[in-house]
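Colleague: What follows is a structure written as structure tokens; I'll ask about it next.
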Amino acid sequence: MENSPTTIGPKGLIKQHEFVRVIIQSLYSLGYRKSGSCLESESGVSYKSMNLELLESQILQGDWDGCINTLCAIQELADETRASVLFLVFKQCLLEYLIGGDDTLALSVLRNQVPALRMGKENVHNLAYSIICLKEMELSKADDNVIHGQRKNLLTELGTLLPPPTVLPERRLEHLVETAITAQIDSCDYHNSVEPISLYEDHNCSRDQFPTETIQTLTEHENEVWFVQFSNNGEYLASSSSDCTAIIWKVLEDGRLSFKHMLRSHLTPVSFVAWSPDDTKLLTCGNVEVLKLWDVETGTCKHTFGDHGFVVSSCAWFPDSKRFVCGSSDPEKGICMWDCDGNEIKAWRGTRMPKVLDLAVTPNGENLISVMSDLEIRILNVRTNAEQVIPEEHPITSLSVSADSKFFIVNLNSQEIHLWDVAGKWKKPLKYIGHQQHKYVIRSCFGGLDSSFIASGSENSQVYIWNRRNSRPIEVLSGHLMTVNCVCWNPKRHQMLASASDDHTIRIWGPSRSKNIQR
């Protein structure tokens, strides 16, 4: 039956006996032993191959010569695999000979048969040493149950080494189904849901569950809105504006956002904000002004960093929520690491230090990524101080890191967004095009389920969204009246997106079935 030519399926690609065999395996692994046995009987297909059944019988009965002959006769075995499984068999065989007091036979096997496997002298010596140690441990308790248990363990080890069709990989049917589902998800441009995928039909998400319509417009800012960022728990949104204020908004259960705190203390436009990883603190930075630390719950300013003329381009937190770094466009300031009390812990500065335009710390805290002098990205391993440099051909305006710490994106004024790997293995980035960016700072972000999407603002007043696998946008969202400076995807609500614009508003985007809310 194993070599039966019968195929099934519309395209005739599936061998019937293999299909039945993996179904039988699945029934047994799910605990439906009676059903599995019944299918074996009715189909004439056995879950276990003839070679495997023979090996099981020989090993459990201690027929080592027969076991060795069977393994040598299996044609599908590569020489290296055959040597590995025979090595395990000889190990058990030698142990039992020694336990049984047949030292002469054990020595003969060790001298004559094991070296033929060409496993190397060191492995043979290690085998001899381990057998002696095992013998000393097992002699006092070597009853039939112990020997039987060792033989069962040997069968389990062989099962991980022997290839198909002798042994089926574990849970083969589940693996095949998951592979098919994964392929369908990968080809789905709008996949953005954590709901389990149904097997009853091919998977294809519609855009109905994707943020494509404005569901709320926030109008509290009195001037251009430059920056928005959701908290890490997805329960708050912070925004900053050229009206010299920042606002903290609360995300309600129904998806609406309500005003929580107006942060007034800066004397100049507030260029950006940064949430601490534990979401209890918020940093705000004035344009060519001080950096301020706020308590999220009370909305009070806890500390002010720097003085008048302090030039900070960006800042980022470390995972402990106790330290952060800030970069300056003033080369003399460089990059500083501070604690929340204003104590400088570490600094990277000097005459050769270029100005820092943007920076980020990977969520795992391992790498500090900086945009230097428009055209250069530096990735510093904080622990080892190892550094890699990635050059770009066009000026970089902003930087964003993925939640898994593996990737980052940069916006270029050449109207491209580049995706790089943090590990530095890629020689070329993935590129995304379609939006407009010539002269302003435009910020983009990762978002959606598994950070599968990239969203960006644009100088033509629209929001662009790409699936990371495709260079062209899958959605272009209209609604703003002027340049969209920044976008941010809610990290917990994958269907919620926020955008900030020069038209003085923040738009909250959601699925098309949502009702518009005007605040």
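Colleague: Mind putting a number on the dipole of the range 255-395 about its Cα centre? Charges go on the C-beta only, +1 for Lys and Arg and -1 for Asp and Glu, and I need it in Debye to the nearest 20. Write out the running numbers ahead of the final one.
Modeller: Values: 15 positive and 19 negative charges, 58 e Å.
Roughly 280 debye, rounded to the nearest 20.
Colleague: How large is the dipole of the chain about the Cα centre if only Lys and Arg carry +1 and Asp and Glu carry -1, each at its Cβ, rounded to the nearest 20 debye? Provide the component values of the computation, followed by the final result.
Modeller: Working: 50 positive and 64 negative charges, 114 e Å.
Computed charge dipole of the chain: roughly 540 debye.
Colleague: Another one. By how many nm would the segment from CYS38 to ALA386 lengthen if fully extended, with 0.36 nm per residue of separation less the alpha-carbon distance?
Modeller: Working: separation 348, 0.36 × 348 = 125.28 nm, distance 6.14 nm.
Taking CYS38 through ALA386 to full extension adds about 119.1 nm, to one decimal.
Colleague: I'd like the orientation of helix 64-73 relative to the chain: the angle between its Cα long axis and the longest Cα principal axis, in ° from 0 to 90, rounded to 10.
Modeller: Tilt of helix 64-73: around 60 degrees.
Colleague: Got a sec? Which residues in the range 256-292 would a label at LYS492 touch, if it sits 7 Å along Cα→Cβ and we count backbone N under 11 Å?
Modeller: Taking a point 7 Å out along Cα→Cβ of LYS492, the residues of the range 256-292 whose backbone N falls under 11 Å are 279.
Colleague: Name all residues of the range 57-97 having a backbone nitrogen under 12 Å from the label point set 7 Å from the Cα of ASN153 along its Cα→Cβ direction, giving them as ranges.
Modeller: 92
Colleague: Here's another thing I want to ask about it. Of THR104, VAL225, ALA73, whose Cα points farthest to the positive end of the dipole of the chain (charges on the beta-carbon: +1 Lys, Arg; -1 Asp, Glu; origin at the Cα centre)?
Modeller: VAL225
Colleague: Next question. If the reach is capped at under 29 angstrom between alpha carbons, list the lysines near LYS15, excluding any in the same chain fewer than eight residues apart.
Modeller: Excluding near neighbours in sequence, the set is LYS34, LYS48.
Colleague: For the chain, calculate the relative contact order in percent as a whole number, restricting contacts to Cα pairs under 8 Å that are 6 or more residues apart.
Modeller: 11
Colleague: Ok, one more. Taking Rh as the Kirkwood radius, which is the inverse of the mean 1/r over Cα pairs, what is the Rg/Rh value for the chain? Walk me through the numbers before you get to the answer.
Modeller: Details: Rg = 31.9 Å, Rh = 27.8 Å.
Using Cα coordinates only, the ratio equals 1.15.
Colleague: Let me ask something additional. Would you work out the charge dipole size for the range 427-519 about its Cα centre, treating the Cβ of every Lys and Arg as +1 and the Cβ of every Asp and Glu as -1, and quote it to the nearest 20 debye? Don't jump to the answer; show the numbers that get you there.
Modeller: Working: 14 positive and 5 negative charges, 77 e Å.
My answer is approximately 360 debye.
Colleague: What is the spin-label model distance, in nm, from THR219 to LYS439 if the labels are put 7 Å beyond Cα along the C-beta direction?
Modeller: Here the answer is 2.9 nm between the modelled labels.
Colleague: Suppose only helical runs count, i.e. DSSP H with n ≥ 4. What mean residue ellipticity at 222 nm does that imply for the chain under -39500 (n - 2.57) per run, divided by all residues and rounded to the nearest 500 deg cm²/dmol? Don't jump to the answer; show the numbers that get you there.
Modeller: Values: 9 runs with 125 residues, N = 519.
Result for the chain: -8000 deg cm²/dmol, rounded to the nearest 500.
Colleague: Mind checking the angle between helix 16-29 and the chain's longest principal axis? C-alpha axes, 0 to 90 degrees, to the nearest 10.
Modeller: The answer is roughly 80 degrees.
Colleague: Multiply the residue gap between LEU176 and ASP374 by 0.36 nm, knock off their C-alpha separation, and tell me the result in nm, one decimal place.
Modeller: Details: separation 198, 0.36 × 198 = 71.28 nm, distance 4.72 nm.
Length difference between fully extended and current span is 66.6 nm.
Colleague: Using a simple spin-label model with points 7 Å from Cα along the Cα→Cβ vector, what separation in nm is obtained for ASP143 and GLN184?
Modeller: Between ASP143 and GLN184, the simple spin-label model gives 5.4 nm.
Colleague: Quick check: the angle from helix 121-138's long axis to the longest principal axis of the chain, C-alpha only, nearest 10 degrees?
Modeller: Roughly 80 degrees between the two axes.
Read-outs throughout are calculated quantities, based only on the coordinates presented, and are distinct from any laboratory measurement. Note that this is a predicted model, so its numbers are computed, not measured. No Cβ is skipped: glycine too gets one built from the backbone with ideal geometry, and neighbour counts run over all protein chains shown.
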